[in-house]
Amino acid sequence: MTHAPIAAPWWETAAVYQIYPRSFADSNGDGIGDLRGIIDRLDHVADLGADAIWISPIYRSPMADFGYDISDHLDIDPIFGTLADADDLIASAHAHGLRVIFDIILGHTSDEHPWFIAAAEGRDSPFREFYTWRDGPTPGSPVGGPPNNWTAGFPAGAPAWTWHAPASQWYLHSHLPQQPDLDWSNPDVRRAQLDVLRFWLDRGVDGVRLDSIARIGKDPELRDNIPGQPDRHQNWPVVHEYLREVRAVLDSYPDRMAVGEVWLFEQDLIAPYLMADQLQLTHNFVFARLPFDPAAIGTAVADFEKLADDRVWPAWFLNNHDEPRIATRWNTATDDEALREARLRLAAVLILTLRGTPFLYQGEELGLADTNLAAGVGSDANARDPQRTPMPWKPPSLAGPGAGFTTGEPWLPVGADATTRNVDTQNRSGDSTLAFYRKLLRLRRSRQSLLTGHQSLINSPEGVLAFVRSTNSEHSLIALNFTAEMQTLHLPAPTHALSTASHLLSNHAQLAQPPMSTVSTLELRPWESVVADLTHG
């Protein structure tokens, strides 16, 4: 079978680099990252080989959820800078050849947002119906309790309702009580939030990441959740109608996209969000939370491909600001450094060669692990601080406790691995994790098969994951050995009919075997990750 090159939109071929602004770079010495710091460090992202940046929220906020609780969607919080700084960031990123994706929260606001303040004034407020309010027993009464049994996503399992004494009603929140849910069944809410979207598109952002987007569609009857069934307070079918309105706004601008945080843990529930008139991409938490197991990874990839038609484009990630870093999750305290590094590089090859759009999280290219924080350090109620500690740009021995992130006291301490896993140190080594990511991203960008090619999984021995990415004229073989043993990969006839193979990349110091005249087997060394070129004779 042959596969012709595809003229793909930018978000299908891009490698996206996530920036968590509080922890990326601090320009003014207050210990908190800011927009000027990001601008100053865009060279690093461009040199890495990323094509786009995703910026976590930078809007005005009381910071109950570190910016995901927004009090003004149309302005920048002073700790990050100004609206002019945001404009400069967008322009500077574009000058570096980087697309810009802003994190936008459509489903809730802060309880300090003017809309909620007005809504809380009383039942007759014109903004009352921007949020979901319900009568119910007063807390502490004999029949106490909220209107139904819904629970919040953060903190997990907490009630999704909070009693508002001045109005003697409960209000709904899918996250913290300080993040009341907007009622998207109200057309005025939809109009207002779509205007927020237009505001940032008009300022030049190339795309938006829609936080917790499945939760904007809720059961209008607010019925109790049934144990073992999907929560009624998210993923109600009407969510797809709302997303069609979002997509219509995006499509009214040239070359814009949306990636959704669809907080669902079955891939068949994710796929419907990727219809042609809804989201272009979604985060896949099923994949992100898989163990270090090639069988589980291969099954998840194959299952998604079965669910998706040719128009659907996957997106993959292994790290972000909410999830434990792969360097911690896929390694153990007893692993030696060589094994830890081999697993990090295997993860890099996996995420950057699968068919789909890869999302990388700041510090992933350094191999950063979660930071072990002392008791009482950090203030995130959901225990996500270990993966949010500052980006180390220089060795602490030279740059002090801020490790080049700040000249002041960092808002969280940098990790112990910053001694060697910092940008300056890794820049000085041609065999560092950072150097490997750069080499891999350059390879990805140079090969059409790795950008748009069809994907075929290869039947592999236990402990190995292998697949081929193909266009009409180019074929890339990716083989990943998850074991400490030598493995022999037998290639199927359509593949080894391609008469020569040459290794393009390997995580082993000695690149690999010389080109072979007949390709029927591939020998993989322990923990080896290989990208090879397969060409017709």
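Near the amide H of GLY463, under 5 Å away, which other amide H atoms are found, from residues 5 or more places off or on another chain, if H is placed in the peptide plane?
Amide H neighbours of GLY463: ALA295.
How high is the FRET efficiency from HIS240 to SER397, r the C-beta distance, R0 45 Å, rounded to 0.05?
E(calc), rounded to 0.05, equals 0.25.
If the viscosity is 0.890 mPa s and the temperature 25 °C, what translational diffusion coefficient in µm²/s does Stokes-Einstein give for segment 114-172 when Rh comes from Kirkwood over Cα pairs?
Answer from the Stokes-Einstein relation: 203 µm²/s.
Count neighbours as other Cβ atoms within 10 Å of each site's Cβ, and list the GluC sites (Glu not before Pro) in segment 437-485 that are DSSP loop with at most 14 such neighbours. Provide the component values of the computation, followed by the final result.
Numbers: sites: GLU462, GLU474, GLU485; in loops: GLU462, GLU474, GLU485.
Here the sparse-neighbourhood loop sites are GLU462, GLU485.
Only Lys, Arg, Asp and Glu count, each charged at its Cβ (+1, +1, -1, -1), so figure out the dipole size of the chain about its Cα centre, rounded to 20 debye. Display every interim value, and only then the final one.
Details: 42 positive and 68 negative charges, 223 e Å.
It works out to roughly 1080 debye.
Using Cβ contacts closer than 10 Å as the measure, can you line up LYS439, LYS218, LYS306 from fewest to most? Intermediate values should be presented prior to the final figure.
Working: LYS439 15, LYS218 25, LYS306 11.
Ascending Cβ contact count within 10 Å gives the list LYS306, LYS439, LYS218.
Take SER252 and SER446, extend 7 Å from each Cα along the Cα→Cβ direction, and tell me the distance between the two endpoints in nm.
4.4
Can you list the aspartates and glutamates whose alpha carbon is less than 14 Å from that of LYS306, not counting same-chain residues fewer than 8 positions off?
Straight-distance partners of LYS306: GLU266, ASP268.
Among bridges DSSP assigns within segment 94-219, what percent are antiparallel (round to 5)? Walk me through the numbers on the way to the answer.
On the way: 9 of 13 bridges.
Antiparallel bridges make up about 70 percent of those DSSP assigns within segment 94-219.
Looking at the chain only, what percent of DSSP beta bridges run antiparallel? Nearest 5 please.
65
Relative to the compact globular guide of 2.2 N^0.38 Å, what is the alpha carbon radius of gyration of the chain, as a ratio? All intermediate terms of the calculation are to be shown ahead of the outcome.
Values: Rg = 24.1 Å, N = 537, 2.2 N^0.38 = 24.0 Å.
The reported ratio for this selection is 1.00.
Once the cut-off is 16 Å, how many percent of the Cα-Cα pairs in segment 302-414 end up in the long-distance tail?
In whole percent, the share of Cα-Cα pairs in segment 302-414 beyond 16 Å is 67.
Quick one: length gained pulling ASP188 to SER502 fully straight, 0.36 nm per residue minus the C-alpha distance?
Working: separation 314, 0.36 × 314 = 113.04 nm, distance 5.94 nm.
Using 0.36 nm per residue and subtracting the Cα-Cα distance, I get 107.1 nm.
Give me the extension gain from ASN472 to ARG198: residue separation times 0.36 nm, minus the current Cα-Cα distance, reported in nm with one decimal.
On the way: separation 274, 0.36 × 274 = 98.64 nm, distance 3.99 nm.
Gain on stretching ASN472 to ARG198: 94.6 nm.
Suppose each label sits 7 Å from its Cα in the direction of the beta carbon; what would the ASN225-GLU409 distance come out to in nanometres?
4.0
What nm distance separates the two modelled labels at LEU339 and ALA118, each placed 7 Å from Cα along Cα→Cβ?
Each label point is offset 7 Å from its Cα along the Cβ direction, giving 6.0 nm.
In which sequence would LEU279, LEU89 go, from the one with the fewest C-beta neighbours within 10 Å to the one with the most?
LEU279, LEU89
Taking 0.36 nm per residue of sequence separation and subtracting the Cα-Cα distance, how much length would be gained by fully extending the chain between GLU266 and ALA381, in nm to one decimal? Each step should come with its number before you reach the end.
Values: separation 115, 0.36 × 115 = 41.40 nm, distance 2.60 nm.
Using 0.36 nm per residue and subtracting the Cα-Cα distance, I get 38.8 nm.
Computed from the coordinates by the stated procedures, all read-outs in this text should not be read as laboratory data. Since the model is a prediction, treat every value here as computed from it, not as a measurement. Note that each Cβ is placed from the backbone with ideal geometry, even for glycine, and that neighbours are counted across all protein chains shown.
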